[in-house]
Amino acid sequence: MKKDFNILVLDLENDSLDIASANIKFVGLFDGKMNKYYMKEWNDDTKKFLQSYIEAYNLILTWNGENYDYPILERYGINI
């Protein structure tokens with residue numbers, strides 16, 4: 001039986017571990033609703049794509065997102 005998961009899995013690939021200076025290089029996503037994976041190079045289109053995904057999900061799974069990914073995304077103007 002196939003199960004659909006209403007969850008967004010998010011992973012950032014950056015050039016630094018310092019959240020104040022890290023530049024996003026790639027964004028990895030797993031869309032649980034559509035059962036699709038994405039790996040996108042960071043640019044303005046990716047920023048819009050990511051924001052639309054974040055707005056569509058109420059559950060986002062990250063590794064240390066609250067202390068690392070979210071502050072970096074917020075610095076880039078992404079609303080979590």
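The values are calculated or read from the model by the stated rules, or taken from the named source; none is laboratory data. Just so we're clear, the structure is a prediction, and the values are computed from it rather than from any experiment. Glycine also receives a Cβ, built like all others from the backbone with ideal geometry; neighbour counts cover every protein chain displayed. The protein model used for the area step is the full one, side chains on, heavy atoms only, and it has no ligands, DNA or RNA in it. Shrake-Rupley method; radii C 1.70, N 1.55, O 1.52, S 1.80 Å.
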Tell me, which residue of the stretch 32-42 that is closer than 18 Å to ILE78 by Cα and either at pLDDT below 95 or charged (D, E, K, R) (or both) is surrounded by the most Cβ atoms within 10 Å (Cβ to Cβ)? LYS40
Hey, does the stretch 35-52 have a residue that's in a loop (DSSP other than H, G, I, E, B) and in contact (Cβ under 8 Å) with a residue 40 or more places away in the chain? no
Restricting to the stretch 53-62, what's the tally of residues that are outside any helix (DSSP H, G or I) and more than 11 Å from the chain's Cα centre (by Cα)? 3
Selection within the stretch 43-80 - within 18 Å of ASP18 (Cα to Cα), acidic (Asp, Glu) and either open to solvent by 100 Å² or more (accessible area, probe 1.4 Å) or touching a helix residue (DSSP H, G or I) at 6+ places or on another chain (Cβ under 8 Å) (or both): GLU66, GLU74
Could you tell me how many of the residues in the stretch 17-35 are within 14 Å of the chain's Cα centre (by Cα), within 19 Å of ASN6 (Cα to Cα) and of a type outside the set (A, V, I, L, M)? 4
